[in-house]
């Protein structure tokens, strides 16, 4: 299993879900998951999804520019994923640049969940 | 020990070392450390320092805009640190925006080393 391919597939799934059915992001977090969104710290699936679904824009589209990944330990199967891209809001003319990192951990079912998630807009 | 204070101190030390004595960054990596620099993957202290000291600019200054951190596991003492900032090159009028993530792991001596390091410029 190529880690770069896994990371890219995860990232595409994550933002596609974010842009079309944000509440379903709940499937990608667990109760020990942490999100830091523009400096605000949030923990647990329910709180994270509440935050993401209450952002002050309903329609948006993430366009990925780069995806980098590395294994997060010699063993254990986790990986860190670093994304840069553009966030296009429905009501805004200009896209916002963002960077985001995920620390993905394997699940017993053979997929991954987000343990760490840090999001920042890159103001021009 | 406040994790945010530790992360901030690490980040200030890292960029201060980068800007004044780049070769000393060797002290912050180990042989299992990974760096992805603008998409190029490099492993091990020696290779990482060789990369960082051979960048096509000798004098630079990192100005930190944001530092976010989270514990990278319930136990173990690791932390993920996410930085955004500006990179001012000596010969360039405009600063470059960058984002970088570190996954820090504790050492037996009570400090931290960089296990994962991913760097990206954010082109405007």
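FYI, it's all coordinate maths here, none of it is from the lab. On a predicted model such as this, the values are computed, not experimentally measured, just so you know. Neighbour counts are summed over all protein chains in view; Cβ atoms, including those assigned to glycine, are modelled from backbone coordinates with ideal geometry.
In table form, for the structure just shown:
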item: Angle in degrees between helix A:3-20 and the longest Cα principal axis of chain A, rounded to the nearest 10; result: 40
item: Mean residue ellipticity (222 nm) of the protein assembly as shown, computed from DSSP H runs ≥ 4 via -39,500 (n - 2.57), nearest 500; result: -7000 deg cm²/dmol
item: Mean separation of Cα contacts under 8 Å (6+ apart) over length of chain A, as relative contact order %; result: 24
item: The protein assembly as shown - convex hull of the alpha-carbon atoms, volume per residue in Å³; result: 126
item: Residues residue B:107 and residue B:21, FRET efficiency given R0 of 22 Å [Cβ-Cβ distance, rounded to 0.05]; result: 0.60
item: Candidates B:95, B:26, B:73, ranked by Gaussian network fluctuation over chain B, Cα under 10 Å, top entry; result: B:73
item: Other-copy label distances relative to residue B:111, 7 angstrom Cα-Cβ extension, nm; result: 4.2
item: Inter-label distance, nm, simple model (7 Å from Cα along the C-beta direction), residue A:1/residue B:121; result: 3.5
item: Rounded Å value of the spacing that divides the Cα centres of segment A:98-121 and segment A:29-81; result: 5
